[in-house]
Each structure stands twice: as structure tokens, then as C-alpha cells.
Amino acid sequence: MTRWLLLIPATVLAFVTMATAQSHPPEIWSKDEYPNPQKKPSECGRNNKISYICDPNKLLEPKEAAALDILIDDIRNHTKCPCSAYACRHKRQGFIVSIALAEGMQRPDDTDDDDELKLLNDAGSFASHLRGNSWKFGNCMESVVIFYSLRDNVVFTSTGQTAMIHLTNKHIVQISENTRRYFGKGRPLYKGLEKMLKEYRSVFKNSYGYRQANPSQHEHLPATPGASRSGASRLIAGSAILMATKFVMRLL
């Protein structure tokens, strides 16, 4: 009887293993394992397109992520360089805003899910770790990271020391108030991120005017389980910690 031996090259096996891992990303992310969209765009759900958006769990449609990329590029290319005069001679671009989206974030085992202060600290730690350690976009702390965890229903903005001179805690609280109705399961996340980016852009261009949220009369948003019909949110504003401005938002 003839016996056949099938040999699979290690490189092919590695490719298959990597492809399988990328097609089934974890739903709960630790801040240390969360990928960098500039270095590993395929792991960020960006189809090998270098980006400032990481969406490994595909919370956005591809066309929505592409549209947000255009807005982020506009902020970077059409705001003034906020660094030193010497640095700006070599860097013509302005503020760098990036977005990190996750199905959920890893939290300590003993965490009380109802403790919003701990939620604030965990979300802030995640966003600030990306901004200041694993991503480190920019040259003079002019970067901003918007982090959103769907399961935790938390939105958190972390700003570098230079960025926070312009995008203050007051700005973040007001803008998050203006966009809160878009966040939550079954809600149009793209619209919330789009509006947030446009208002951050206005701040960086010194054209932002404080205003109350005013939903369009023709805008009908799906109800979120446990939320009021108006989409009211419980808002928690953090202070400047570790040179970052932080904001967390939870729907009722």
C-alpha cells in the first residue's frame, strides 16, 4: 500500500494561522494588545489601508470609516502646526486626531460594572495608553485619541499636552453632550464620530461656538434598551490627569 505524506511549508501555515486570527479578532481588547492602524491596518479592519482609525470589530461600515479618514486628514492638513517654530519648519501639518473602536475593553476582574468612576479610569487608561505609548502619533503631544467601547458604552477623549491647550475639558464636555444621542447599541455611531470630528476641527480652527445639542426635527434615532426616548445620557467629566483631558459618556 502506498502512503502519501503531505508537507505544509511553515510560511504557509503561518499565513493561514495569521489570516484566521485576523478574521476573528477578540471582542474584548486589552490596551497592550490593541493594534496600531499606522503599522497594522489589516488588524484594524482597514483592509491594509494606513489610517488613523482602528476598528477591528467592524463597528463601522468600510465607506463610513473611509469618510471619517477624509475628515481626519482635513484636520491634520488644514490646521496650523502647534509645535515649536523650529519643529513647524519641518512639519507643516497640524493636529492629529485618531479613533479607536472596540466591542469591549478588558477590565480588572474585581471591577464593579456600576462604578462609573472606575469606568472612567479604565477608559482613560486605555485611551491614554494608545495616545502616549503604543501609538504616539505626532511630534509635540499634538495628538488626540477618541476611544469608544460598545459593550461598556463609553466614549473617552484623551488629548496630549499641546492639544489640550486648544481642545479643553470644557470643549470636550460640550461636544460630547452634543453628540451623545448617536452612541449606544443600534445607534448611528458614524454620525456621532463625524459630528465630533467636525466640532473638534472647529475648535482647532478657532471657529467653535458653544451651543446646546439641537437634534434635527427630521432625525429619528432608534431607541436604546433602557434609554429614555430623548436619548438622554449620563455624563461624567474627568479632569486633566497625566497631561490628558478625559471624558466619559454612558447612556441611561
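The values are calculated or read from the model by the stated rules, or taken from the named source; none is laboratory data. Being a predicted model, the structure only gives us computed values, none of them experimental. Counting neighbours? That spans all protein chains shown, and the Cβs are built from the backbone with ideal geometry, glycine included. Heavy atoms of the whole protein, side chains included, go into the accessibility calculation; ligands, DNA and RNA do not. Shrake-Rupley method; radii C 1.70, N 1.55, O 1.52, S 1.80 Å.
Take the conditions (1) touching a Pro at 6+ places or on another chain (Cβ under 9 Å); (2) closer than 18 Å to E27 by Cβ; F95 misses just one of them, which is (2).
Considered as a group, the residues in segment 132-164 that are open to solvent by less than 30 Å² (accessible area, probe 1.4 Å) and of a type in the set (D, E, K, R) include one that is farthest from F95 (Cα to Cα), and that residue is D152.
Just to be sure I understand, how many residues within segment 56-78 are in a loop (DSSP other than H, G, I, E, B), open to solvent by 90 Å² or more (accessible area, probe 1.4 Å) and over 17 Å from V203 (Cα atoms)? It would help to see each step written out before you state the result.
Going through segment 56-78, the residues in a loop (DSSP other than H, G, I, E, B) turn out to be 56-61, 78.
Retained after the next criterion (residues that are open to solvent by 90 Å² or more (accessible area, probe 1.4 Å)): 58, 61, 78.
Still in the list and also over 17 Å from V203 (Cα atoms): 58, 61.
Of the residues in that region, 2 qualify.
Taking the criterion of being over 12 Å from the mean Cα position of the chain (by Cα) and either closer than 18 Å to E103 by Cβ or free of Cβ contacts under 8 Å to residues at least 12 places away in the same chain (or both), the residues of segment 50-61 that qualify are N57, K58, E61. Only one of the listed residues (S51, S84, S128) is out of contact with any strand residue (DSSP E or B) (no Cβ under 6 Å at 6 or more places or on another chain), among the polar types (S, T, N, Q) and more than 22 Å from Y190 (Cα to Cα). That residue is S84. Only a single item in (1) open to solvent by 20 Å² or more (accessible area, probe 1.4 Å); (2) closer than 20 Å to K195 by Cα is not met by K40, and it is number (2).
What number of residues within segment 79-124 are part of a helix (DSSP H, G or I) and either under 13 Å from the mean Cα position of the chain (by Cα) or closer than 20 Å to Q38 by Cα (or both)? Explain how you work it out, then say what you get.
To start, the set of residues in segment 79-124 that are part of a helix (DSSP H, G or I) comprises 85-90, 116-124.
Subsequent filtering for residues that are either under 13 Å from the mean Cα position of the chain (by Cα) or closer than 20 Å to Q38 by Cα (or both) retains 123-124.
The total comes to 2.
For I53, the conditions (1) open to solvent by 20 Å² or more (accessible area, probe 1.4 Å); (2) among the aliphatic types (A, V, I, L, M); (3) at pLDDT 95 or above are fulfilled apart from (1). Considering only segment 243-250, I want to know if a residue exists there that is basic (K, R), buried (at least 18 other Cβ atoms within 10 Å of the Cβ) and at pLDDT 90 or above. So far as segment 243-250 goes, no, none of its residues is basic (K, R), buried (at least 18 other Cβ atoms within 10 Å of the Cβ) and at pLDDT 90 or above.
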